[in-house]
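Just so you know, all these numbers are worked out from the coordinates, no wet-lab data involved. Just so you know, these numbers come straight off a predicted model, no measurement behind them. No Cβ is skipped: glycine too gets one built from the backbone with ideal geometry, and neighbour counts run over all protein chains shown.
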Amino acid sequence: MKSIIWFGLLLALLKILGLAIPVFTTSQTKEIVKLGDLKIQNTEQSTHVVPEALSAGVLLLGVVLMGAGLYQRSDS
């Protein structure tokens with residue numbers, strides 16, 4: 001299969017996941033103070049939201065790329 005079809009399939013699958021799970025949280029640990037062997041660390045959690053319109057747009061782009069790859073393959 002052509003790489004454009006695989007790329008379109010990958011985009012479509014990732015964005016289906018983005019539509020299914022639109023919110024995810026990441027954690028980052030920062031070292032605040034270090035005095036010899038003593039360390040004070042802080043963990044910050046950030047929530048990220050994937051916009052629904054972006055997910056739908058990239059899903060559509062993936063489907064279009066797969067269609068273009070299949071059209072080129074059948075045209076050759």
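Multiplying the residue separation of Thr26 and Val63 by 0.36 nm and subtracting their alpha-carbon distance yields 10.4 nm. Here the chain is assigned +1 on the Cβ of each Lys and Arg and -1 on the Cβ of each Asp and Glu. Its dipole about the Cα centre then comes out at about 140 debye.
Percent relative contact order of the chain, based on C-alpha pairs within less than 8 angstrom and at least six residues apart? About 45 percent, as a whole number.
Over the chain, DSSP H runs of length four or greater, each weighted -39,500 (n - 2.57), average out per residue to a 222 nm ellipticity of -19000 deg cm²/dmol. Checking every one of the GluC sites (Glu not before Pro) in segment 16-76 against DSSP loop status and a limit of 12 other Cβ atoms within 10 Å picks out no site at all. In degrees between 0 and 90, to the nearest 10, how far off the longest principal axis of the chain does helix 52-75 point, with axes built from Cα atoms? For 52-75 against the chain, the angle is about 40 degrees.
Largest first, the three principal axis extents of the alpha carbons in the chain are 69, 25, 13 Å in whole numbers.
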